[in-house]
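K.L.:
I am attaching a structure below and will ask some questions about it afterwards.
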Amino acid sequence: MKVVLGISYNYHDSAAALIIDGKITAAAQEERFTRKKHDSSFPVHAIQYVMEEAGITGADISTVAFYEKPFIKFERLLETYHAFAPKGIQSFIKAVPVWIKEKLFMKQTLQEDLLKLGIHAQLTFPEHHLSHAASAFYPSPYEKAAILTIDGVGEWATTTISVGDKENITLLRELHFPHSLGLLYSAFTYYCGFRVNSGEYKLMGLAPYRIISDRTTSYIRLIEENLVDIREDGSFLLNMKYFDYATGLKMTNNKKWEALFGIPARKPESDLSQEYMDLAYAIQSVTEQIVLKLVSTAKELSGCSNLVMAGGVALNCVANGKIEKSGIFESIWIQPAAGDAGGAIGAALATWTIYLKEKRSTEYPDGMSGAYLGPSYTDKEIQNLIRNTRAVATRMDEAFLYPRVAHLLNEGMIVGWFQGRMEFGPRSLGNRSILADPRNKGMQKKLNLEIKYRESFRPFAPSVLEEDMRDYFDMNTFSPYMLKVSDVCVAMGKSLPPDYETLYYLERLYTERSLLQAITHVDFSARVQTVLRETNPLFHALLVAFKELTGCSVLVNTSFNVRGEPIVCTPEDAYHCFMHTGMDYLVLGNWILSKKEQQAT
């Protein structure tokens, strides 16, 4: 047995992943254990979990892979400050002492932290974008594929095009910092009042509220003429006089942006005006344009019919939907943990195949096991929670549980659904999910305001039986990881008022437009998860039960957490979230809890 541990930490989304004999055995993010969203600390809890899941000790681990090269990252930092000097002195004073005191001694610190866990192993340091590329290619079902990785920045690279062929990954093209599509998108995230590294989803969800007008056209033109010079092959140069992220303490030069766009940076949590929605649409459009050019270049350089993707920008599911519709590649696979957390998997797999020269394991439909790589909990552990909290709960066999939950959903109840192994990555895929009926006209508003405690404009995703997906969505390929946006079928739509496209955004949001109102965004799109029986038999069985009762094989599926908190990990986390939100029922394994019964005790 050969064991490789992959870890990522020290920036955001720390994680650990375990590869045994070439296969991904377990993976988890540190935030799920510490309950600190985007936790960047050494992933001690995640490492302990993956070892426990595999039934091994630290002595069984032969190699530990860290997801980037710290010295090259420090080189980039110094060269950047030198290039922009004397600008950036405040950032320099803040950043460099941390590197000199801590990060330059990463290898020694890492060894010390690992020894505390009984791990004394060889260390490897694959480059950041190699870790992303490996996370995309090696778990994919393809023997050969083009690899596109796009993120903020690793050491120097911000975008890479490679080709994967069996065990080999060959770099073809590379774009360097400070010219970064991820950081360009994050700059608009910041300017529109959302938090960088977590609010990019919000910007993407805000974009469809645009009103097509001279202003949206003008915003796109201003971006293309002043902020980013886009080349035909998808490479680009940013006009750095508009950006402060290279040496400053914020993303943008706000004075220059305000002069350019005519609006100030939006204050977080302030009211949304149409200008920011139009600006979100503009940068989303420009991002899609760049990504499609990069995809075309990847096709031309590689000659492959398959494409795999990773890096934070690969989580832009609207762009992913456009890639698929373009038909540039015959088949596309995207790493579900495409951000830095997934770098832990990629670092371990790169070490396995490139450094240790072992054979990769190619599996169908892929090597990610549906992303169900986190901890699971036994019936006894759930019983202990029920006893310790004095909760009122009923245990039901599966033959009765699924029809019962389907009935509750049909009655308009909101159900917390906690089953099996926790998902790895940013999406809940039916094991740590909050579920509801998508046909309910008021459900989108209720979920946002009473359950998730988040902005009212944000859309919700559907989960659908894989065999029925074409009945509801304009899609021809499966989407098991909720990483592609597709249009809702025309047959699901309702007639709209003639002024729909010009309505105030909340009026548009609450206009009845679809038979699946709760999951149909204002532009008639949806971020779809297709559910396969072989990958998740329990969630599939619930969808079947809901279909048998209602004729509808779609459910609203949103992550089991509230705004500002990580997705729940343990039964205790789930119970706490259930009791402090407007959820009506909680299902923990085979146990079902009613909120009314808890309140009555």
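The values are calculated or read from the model by the stated rules, or taken from the named source; none is laboratory data. Given the structure is predicted, the values throughout are model-derived calculations rather than measurements. Note that each Cβ is placed from the backbone with ideal geometry, even for glycine, and that neighbours are counted across all protein chains shown.
K.L.:
State the number of residues belonging to region 557-579 that are closer than 15 Å to SER428 by Cα and surrounded by fewer than 15 Cβ atoms within 10 Å (Cβ to Cβ).
P.N.:
1
K.L.:
Also, I was wondering about something else. For region 280-301, enumerate the residues that are touching a Leu at 6+ places or on another chain (Cβ under 9 Å) and over 19 Å from ILE169 (Cα atoms).
P.N.:
ALA280, TYR281, ALA282, ILE283, GLN284, VAL286, THR287, ILE290, VAL291
K.L.:
While we're on this one: Output the residue which, of all residues in region 83-120 that are aliphatic (A, V, I, L, M) and closer than 16 Å to VAL44 by Cα, is modelled with the lowest pLDDT.
P.N.:
Pass one, region 83-120, residues aliphatic (A, V, I, L, M): 83, 85, 89, 93, 95-96, 98, 100, 104, 106, 110, 114-115, 117, 119.
Keeping just the survivors that are closer than 16 Å to VAL44 by Cα gives 106, 110, 114-115, 117, 119.
Values: MET106: 81, LEU110: 93, LEU114: 97, LEU115: 96, LEU117: 97, ILE119: 97.
Among them, the one singled out is MET106.
K.L.:
Against the definition (outside any helix (DSSP H, G or I), in contact (Cβ under 8 Å) with a residue 24 or more places away in the chain and touching a Leu at 6+ places or on another chain (Cβ under 6 Å)), how does GLY248 come out, yes or no?
P.N.:
Working: outside any helix (DSSP H, G or I): yes; in contact (Cβ under 8 Å) with a residue 24 or more places away in the chain: yes; touching a Leu at 6+ places or on another chain (Cβ under 6 Å): no.
Against the criterion (outside any helix (DSSP H, G or I), in contact (Cβ under 8 Å) with a residue 24 or more places away in the chain and touching a Leu at 6+ places or on another chain (Cβ under 6 Å)), GLY248 does not qualify.
K.L.:
Here is a further query. I need the full set of residues from region 389-419 which are in a loop (DSSP other than H, G, I, E, B) and of a type in the set (A, V, I, L, M, F, W, C), in order please. Give the steps one after another, and end with the answer.
P.N.:
Initially, region 389-419 is screened for residues in a loop (DSSP other than H, G, I, E, B), giving 390-393, 396-397, 411-414, 419.
The answer is ALA391, VAL392, ALA393, MET396, MET413, ILE414.
K.L.:
Right, another one. Taking the options SER456, SER361, name whichever one is assigned by TED's automatic domain parsing to the domain that holds LYS37, of a type in the set (S, T, N, Q) and modelled with pLDDT under 95. Reasoning before the result, please.
P.N.:
Values: SER456 fails: assigned by TED's automatic domain parsing to the domain that holds LYS37.
That would be SER361, the only listed residue that is assigned by TED's automatic domain parsing to the domain that holds LYS37, of a type in the set (S, T, N, Q) and modelled with pLDDT under 95.
K.L.:
Given (1) closer than 18 Å to TYR372 by Cβ; (2) among the β-branched types (Val, Ile, Thr); (3) touching a Lys or Arg at 6+ places or on another chain (Cβ under 8 Å), identify the lone condition not met by ILE592.
P.N.:
Here ILE592 clears every test but (1).
K.L.:
Kindly indicate whether VAL228 is hydrophobic (A, V, I, L, M, F, W, C) and either out of contact with any His (no Cβ under 9 Å at 6 or more places or on another chain) or without any contact (Cβ under 8 Å) to a residue 40 or more places away in the chain (or both).
P.N.:
On the way: hydrophobic (A, V, I, L, M, F, W, C): yes; either out of contact with any His (no Cβ under 9 Å at 6 or more places or on another chain) or without any contact (Cβ under 8 Å) to a residue 40 or more places away in the chain (or both): no.
Spelling it out, it is not the case that VAL228 is hydrophobic (A, V, I, L, M, F, W, C) and either out of contact with any His (no Cβ under 9 Å at 6 or more places or on another chain) or without any contact (Cβ under 8 Å) to a residue 40 or more places away in the chain (or both).
K.L.:
Mind checking whether some residue in region 269-276 is over 15 Å from LEU184 (Cβ atoms), touching a Cys at 6+ places or on another chain (Cβ under 6 Å), part of a helix (DSSP H, G or I) and touching a residue at least 40 places away in the same chain (Cβ under 8 Å)? Let's see the steps before the verdict.
P.N.:
Of the residues in region 269-276, the ones over 15 Å from LEU184 (Cβ atoms) are 269-276.
The next check asks that each one be touching a Cys at 6+ places or on another chain (Cβ under 6 Å); those that pass are 276.
Retained after the next criterion (residues that are part of a helix (DSSP H, G or I)): 276.
Of the ones still in play, those that are also touching a residue at least 40 places away in the same chain (Cβ under 8 Å) are 276.
Yes, region 269-276 contains at least one residue that is over 15 Å from LEU184 (Cβ atoms), touching a Cys at 6+ places or on another chain (Cβ under 6 Å), part of a helix (DSSP H, G or I) and touching a residue at least 40 places away in the same chain (Cβ under 8 Å).
K.L.:
Out of the residues in region 428-467 meeting the condition of being among the hydrophobic types (A, V, I, L, M, F, W, C) and over 21 Å from LEU515 (Cβ atoms), tell me which one is farthest from the chain's Cα centre (by Cα). First the steps, then the outcome.
P.N.:
First, pick out the residues of region 428-467 that are among the hydrophobic types (A, V, I, L, M, F, W, C): 429, 434-436, 443, 447, 449, 451, 457, 460-461, 464-465.
Filter once more, keeping what is over 21 Å from LEU515 (Cβ atoms): 429, 434, 449, 451, 457.
Details: LEU429: 11, ILE434: 17, LEU449: 22, ILE451: 20, PHE457: 19 Å.
Residue satisfying both the conditions and the ranking: LEU449.
K.L.:
So which of ALA246, ALA265 ends up being closer than 29 Å to ILE161 by Cα, among the aliphatic types (A, V, I, L, M) and surrounded by 17 or more Cβ atoms within 10 Å (Cβ to Cβ)? Steps first, please.
P.N.:
Numbers: ALA265 fails: closer than 29 Å to ILE161 by Cα.
Only one candidate passes the filter, namely ALA246.
K.L.:
Does region 322-347 hold any residues that are of a type in the set (Asp, Glu), assigned to a helix (DSSP H, G or I) and over 18 Å from GLN529 (Cβ atoms), and which are they?
P.N.:
Within region 322-347, just ASP340 meets the criteria.
K.L.:
Test PRO264 against the stated conditions and say whether it is within 17 Å of TYR201 (Cα to Cα), in the same structural domain as GLY154 (by TED's automatic domain parsing) and not in a helix (DSSP H, G or I).
P.N.:
The answer is no for PRO264.
K.L.:
Right, here's the next one. Quick check on region 315-327. Is at least one of its residues touching a His at 6+ places or on another chain (Cβ under 9 Å), surrounded by 23 or more Cβ atoms within 10 Å (Cβ to Cβ) and at pLDDT 95 or above? Lay out the reasoning, then the answer.
P.N.:
Pass one, region 315-327, residues touching a His at 6+ places or on another chain (Cβ under 9 Å): none.
No: region 315-327 contains no residue that is touching a His at 6+ places or on another chain (Cβ under 9 Å), surrounded by 23 or more Cβ atoms within 10 Å (Cβ to Cβ) and at pLDDT 95 or above.
K.L.:
Can you tell me which condition LYS596 does not meet? The list is (1) more than 28 Å from TYR472 (Cβ to Cβ); (2) buried (at least 20 other Cβ atoms within 10 Å of the Cβ), and all the others hold.
P.N.:
(2) is the only condition that LYS596 fails.
K.L.:
Related question: Please determine whether any residue of region 208-225 is surrounded by fewer than 21 Cβ atoms within 10 Å (Cβ to Cβ), over 15 Å from ILE283 (Cα atoms) and under 26 Å from the mean Cα position of the chain (by Cα).
P.N.:
no
K.L.:
Please indicate, with yes or no, whether at least one residue in region 492-500 is farther than 13 Å from PRO438 by Cβ, of a type in the set (Lys, Arg), over 25 Å from the mean Cα position of the chain (by Cα) and not in a strand (DSSP E or B). Before the answer, list the steps.
P.N.:
Looking only at region 492-500, we keep the residues that are farther than 13 Å from PRO438 by Cβ, and these are 493-500.
The next check asks that each one be of a type in the set (Lys, Arg); those that pass are 494.
Next cut, over 25 Å from the mean Cα position of the chain (by Cα) only: 494.
Checking the rest, the ones that are also not in a strand (DSSP E or B) come to 494.
Yes, region 492-500 has at least one match.
K.L.:
Here is a list: MET396, MET422. Which entry is of a type in the set (A, V, I, L, M), within 19 Å of GLN598 (Cβ to Cβ) and in contact (Cβ under 8 Å) with a residue 40 or more places away in the chain? Before the answer, list the steps.
P.N.:
Numbers: MET422 fails: within 19 Å of GLN598 (Cβ to Cβ).
Of MET396, MET422, the one residue that is of a type in the set (A, V, I, L, M), within 19 Å of GLN598 (Cβ to Cβ) and in contact (Cβ under 8 Å) with a residue 40 or more places away in the chain is MET396.
K.L.:
Another question, then. State whether one or more residues within region 420-442 are assigned to a loop (DSSP other than H, G, I, E, B), within 17 Å of THR581 (Cβ to Cβ) and among the hydroxyl-bearing types (Ser, Thr, Tyr).
P.N.:
Yes: one or more hits.
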